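In what follows, a structure is listed as C-alpha cells, so that the remarks can point back to it.
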Amino acid sequence: QDALRDIAGRPARPIKVLDLSVEAGQFPITMMATGIGDQKIQFFGLDRDPIALQLTRKLYSFARERSGDRRFRLALANRDSIFDELPSSWPREFDAIVGNPPWAARRKEYTERVRAAYRPWLADNFDLYLAFMLRADSLLGPGGVLGMVVPSAFLFNNSAFEVRSHLLKNYDVVSLRIFPRGSFVEVPCIIPVSFLLVKRRDSSSPVRRTTIAYDAGRRGGAERPRTSTLCDARIFWQGLPGQPFHPWVRPN
C-alpha cells in the first residue's frame, strides 16, 4: 500500500514493478487486489524455485478470473535473482521493486559467491537480504521505489552498515514500519520491519520526511508501542555511529 500510494499519479504509462523473490505470489496478487485507480501495472517476478512459480501462476490466474481486472499483467521467470540476467524482453529499469527476500543463505559456497560479488558492501558475516537490496538498487531508475520486509536486525547490525550508508546517501526513507514479534509464524522470535525508500534523482532533490509507525494490531501485548511519527529520520540517522535506522526519532 505504501508503494502504491507513492507511485500513484505518475505518467499514464504502465507502472513497472519487480519482485526478486516472488515465492507464491503474495505481492503481485495483493497489488492486483489493491490497485491504484485506473493505473495499469506490469508486474515482473523472479524465483529460483519452479514450484513456487507454478503456484504463483495458478493463484494469479484464479484471482484474475474472479476479479476481471485487466489493468494488471504478470510475467514470471525462473532465475537466480542475484546473479542471473533478466529475460531479454523485460525492462532494464523498474519504477518499483518490492518483496520479502530470503533472510539467510543455506549453503556456505553460495554465501561466499555472494560476498565476492558484492564487496565492499558485504563482508564477514552478512544476511542474504542485503544482496537483494543491492541488486534491487542496480535495477531501479531515478525516483524508483524500493519496499522490502526484513528482520529488525537490519536496522542495527554492524554487518549491514555499508548497505545502510549507501541507502541513506542515495534514497529518501519514506516509511519504516515495525511489526510485533510473532507476526511471521515461521520465525516467531523475530521482529519484522518493512521500509519504503525512494531513489533520489540528484543531490539537490529536497529531502523527504519519514513516517515511522508501529503496527496497530493487538499482537505483541499491551505495552508495545502503537505510535506514528513524521520526522527527518534520514538526516538524524546519517549522524549516528554506524548509521542505524533507529526508530526512536523525535518528530519535528
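The values are calculated or read from the model by the stated rules, or taken from the named source; none is laboratory data. All figures in this text were calculated on a predicted structure; none of them were measured in a lab. Note: ideal-geometry Cβ built from the backbone for every residue, glycine included; neighbour counts use all protein chains shown. Only protein heavy atoms, including side chains, enter the accessible area calculation; ligands, DNA and RNA are left aside. Shrake-Rupley method; radii C 1.70, N 1.55, O 1.52, S 1.80 Å.
Applying 1/(1 + (r/R0)^6) with R0 = 30 Å to the Cβ-Cβ distance of ARG48 and GLN1 gives a FRET efficiency near 0.60. Shape class of the stretch 57-161 from the alpha-carbon gyration tensor: prolate, with a/c at 1.5 or above and a/b greater than b/c.
For LYS16, a cut-off of 16 angstrom between C-alpha atoms picks up these lysines, skipping any fewer than 8 places away in its own chain: LYS40, LYS199. To put it simply, the accessible area of the chain at a 1.4 Å probe is 52 percent carbon and sulfur.
The magnitude of the dipole of the stretch 12-171, with charges of +1 and -1 set on the Cβ of Lys/Arg and Asp/Glu and taken from the Cα centre, is near 320 debye.
Of all segments of the chain bounded by GluC sites (Glu not before Pro) found in a DSSP loop with no more than 14 other C-beta atoms within 10 Å, the longest spans 94-185.
Among PHE236, SER205, PRO251, flag the residue with its Cα farthest along the positive direction of the charge dipole of the stretch 190-252, charges on Cβ as +1 for Lys/Arg and -1 for Asp/Glu. The one lying farthest along the dipole's positive direction is SER205. The stretch 166-204 and the stretch 16-34 have Cα centres lying 17 Å from one another. Computed on the stretch 43-109, the Cα convex hull volume stands at 120 Å³ per residue. Summing charges over neighbours of ALA216, with a neighbour being any other residue whose Cβ is under 11 Å away from its Cβ, gives +4 when K and R count +1 and D and E count -1. Partners of LYS108 within straight-line reach, counting aspartates and glutamates whose Cα lies under 13 Å from its Cα and excluding those fewer than 8 residues away in the same chain: ASP124, ASP127.
At the listed q of 0.21, 0.26, 0.31 Å⁻¹, the Debye profile of the stretch 3-52, built from one uniform point per Cα, gives log10 I(q)/I(0) equal to -0.74, -1.00, -1.26. For the pair SER205 and TRP90, the difference between a 0.36 nm per residue extended length and the Cα-Cα distance amounts to 38.5 nm.
Converting phi to 3J(HN,Hα) with the Karplus coefficients 6.51, -1.76 and 1.60 and the offset θ = phi - 60°, the stretch 98-104 yields 10, x, 10, x, x, 8, 8 Hz in sequence order, with x at every glycine or proline.
For the chain, the 222 nm mean residue ellipticity estimated from helices alone, with every DSSP H stretch of n ≥ 4 adding -39500 (n - 2.57) and the total spread over all residues, rounds to -8000 deg cm²/dmol. Dipole size of the stretch 58-134 about its Cα centre, with +1 on Lys/Arg Cβ and -1 on Asp/Glu Cβ: approximately 320 debye, rounded to the nearest 20.
Starting from the Cα of ARG107, move 7 Å in the Cα-to-Cβ direction to define the label point; list residues of the stretch 45-60 whose amide nitrogen is under 20 Å from there. Those under the cut-off are 46-53.
Mind running the shape call on the stretch 112-240? Use the C-alpha gyration tensor, a ≥ b ≥ c as the square roots of the eigenvalues: rounded below 1.5 for a/c, prolate if a/b tops b/c, oblate otherwise. Verdict is oblate for the stretch 112-240.
Mean projection of the Cα convex hull over all viewing directions, computed for the chain: 14.6 nm².
In this simple spin-label approximation, ALA117 and LYS58 carry label points 7 Å from Cα along the Cα→Cβ vector, and these lie 3.0 nm apart. Normalised per residue, the accessible area of the chain is 52 Å², obtained with a 1.4 Å probe and no contribution from ligands, DNA or RNA.
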